[in-house]
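To keep things clear, I will list the structure first and then write my remarks on it.
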Amino acid sequence: MEWMAFYLFAAVFVLLLFGYPVAFTLAGTALAFTLIGEATGTFDPAFLEALPNRLYGIISNQILIAVPLFVFMGVMLERSRIAENLLETMTRLFGPLRGGMGISVTLVGMLLAASTGIVGATVVTMGLLSLPTMLKRGYDPKISTGIICASGTLGQIIPPSIVLVLLGDVLSSAYQQAQLDMGIFSPETISVGDLFVGAVIPGLLLVGLYILYMAFIAFLKPDAMPAIPKDAHNNSLHIVEDVLLSLLPPLLLIVAVLGSIIGGFATPTEAAAIGAVGAMLLAATKKQLNRANLGEVVRSTTSVTSMVFMILIGASLFSLVFRGFGGDDLVQELLSDLPGGTFTAVFAVMLVMFLLGFVLDFIEITFVVVPIVGPVLLAMGIDPVWLGIMIAINLQTSFLTPPFGFALFYLRGVAPESIKTTHIYKGVIPFIIIQILAMAMIAYWPQLATWLPTSIA
């Protein structure tokens, strides 16, 4: 019976490789296996009786309201063209340094990540704005594309992040289930706000590692990341003023959103509403808040939100059927029987997620894999915030890993014809290694993820 759960997971994986829609693949495969299980006497249909309650829980979940609000905020900021002003002023500031433009792209990517939380928007925007200029200034194509893709994926870990919202909801359920399984009938909870706070230091750590790598390459290979010639550089007397004017609006929005969460003044959902209103005000100041732009933002938000919730509904049905076949017991036995205890179990899960990231999207991994392994790992006494941050950084690599890394496709779609796909693939490899290094550092020093939430609590 338990091996039917394995066959179910394998069938879903194979069908996703064929390109079938995720939500309908999860739900349809689960229903097909339900019929097979009922016919063979290996599945109790009573498990499906819990589906209406699960669907109602998804619909009435206030945390998930933050998803469309943060998406709206991100798309609206994309339309307000703050990235153009940020990149221009940062390039003027760091341009005379070797590798300066690469550092500028990384810092702007960080600010866009903290403002929008949307990887696709950041990668496309930075690809359109910075890649032609970097190539014109003599930057190596591989390094240029790698910087843009990597800085764009910072939206996965730097709050407010859509993946942290989804992970927070999934891990909260997994944490409560793990405690109930251990006989704790007044379980503690983990919030999206805890993950937001826990992700601040790891996010800044990644930015720092990116910049250190670029500084090293600029020192080792000056021709690969040349400085902008002084005659082409705009030596404005008001450069500091221009930088502050460009930085101030997005920084104020970041402080308003994250500050309200960290300070305990607002829930993540309420903070997302603040961010959405703030994004509209920024767009209005840039004279970009009009009927046409607003319509496009609303349609894009509706499309993304519908996709996320349909996958969530399909994943709920999948998890019920998976549990009905005894899949959770199978996973628990496999992880518990591994030599090396908790370390080996976490390493095995992280390795599986990393490998799945080569072919699956982060949303699919979040909704399919995390509910299966989360309760088992948390029952071993692992800190839920630390586990959430480790998973988030791991999922971040899924945007960069060939052949199906979404950031690679986003950049390929807007890159000049002179940029080959091999340039992009080779360019992201050092940054994948850096992300793995960051995970290793957080694994060795868990305080990097847990200290700030503990201090604020």
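The values are calculated or read from the model by the stated rules, or taken from the named source; none is laboratory data. Note that this is a predicted model, so its numbers are computed, not measured. Note that we place each Cβ from the backbone using ideal geometry, even for glycine, and neighbour counts take in every protein chain shown.
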Per-region count, segment 38-61, residues in contact with a helix residue (DSSP H, G or I) (Cβ under 9 Å, 6 or more places away or on another chain), surrounded by fewer than 20 Cβ atoms within 10 Å (Cβ to Cβ) and either aromatic (Phe, Trp, Tyr) or closer than 30 Å to residue 288 by Cα (or both): 1
Filter result for the condition that a residue is modelled with pLDDT of 85 or more, assigned to a helix (DSSP H, G or I), of a type outside the set (Asp, Glu) and surrounded by 14 or more Cβ atoms within 10 Å (Cβ to Cβ), over 317, 335: 317
Flag if residue 387 is assigned to a helix (DSSP H, G or I), crowded, with 22+ Cβ neighbours inside 10 Å, of a type in the set (A, V, I, L, M) and in contact with a Leu (Cβ under 7 Å, 6 or more places away or on another chain): yes
Some residue of segment 148-163 being touching a residue at least 60 places away in the same chain (Cβ under 8 Å), surrounded by fewer than 18 Cβ atoms within 10 Å (Cβ to Cβ) and either charged (D, E, K, R) or under 21 Å from residue 431 (Cα atoms) (or both): no
Residue that is nearest to the chain's Cα centre (by Cα), among those in segment 393-424 that are among the small types (Gly, Ala, Ser) and surrounded by 19 or more Cβ atoms within 10 Å (Cβ to Cβ): 398
Residue that is surrounded by the most Cβ atoms within 10 Å (Cβ to Cβ), among those in segment 188-232 that are of a type in the set (Ser, Thr, Tyr) and part of a helix (DSSP H, G or I): 210
Qualifying residue in segment 369-378 (condition: at pLDDT 80 or above and not in a helix (DSSP H, G or I)): yes
Candidate set from segment 1-42 (those that are over 17 Å from residue 366 (Cα atoms) and among the polar types (S, T, N, Q)); member that is farthest from the chain's Cα centre (by Cα): 40
Hits in segment 342-362 - residues which are touching a residue at least 24 places away in the same chain (Cβ under 8 Å), of a type outside the set (S, T, N, Q) and part of a helix (DSSP H, G or I): 345, 346, 349, 350, 353, 354, 356, 362
Any hit, segment 425-447, residues being surrounded by 15 or more Cβ atoms within 10 Å (Cβ to Cβ), more than 26 Å from residue 335 (Cα to Cα) and free of Cβ contacts under 8 Å to residues at least 24 places away in the same chain: yes
Where a residue in segment 265-294 is of a type in the set (D, E, K, R) and its partner, wherever it lies, is surrounded by fewer than 19 Cβ atoms within 10 Å (Cβ to Cβ), with Cβ under 7 Å and at least six apart: 286/81
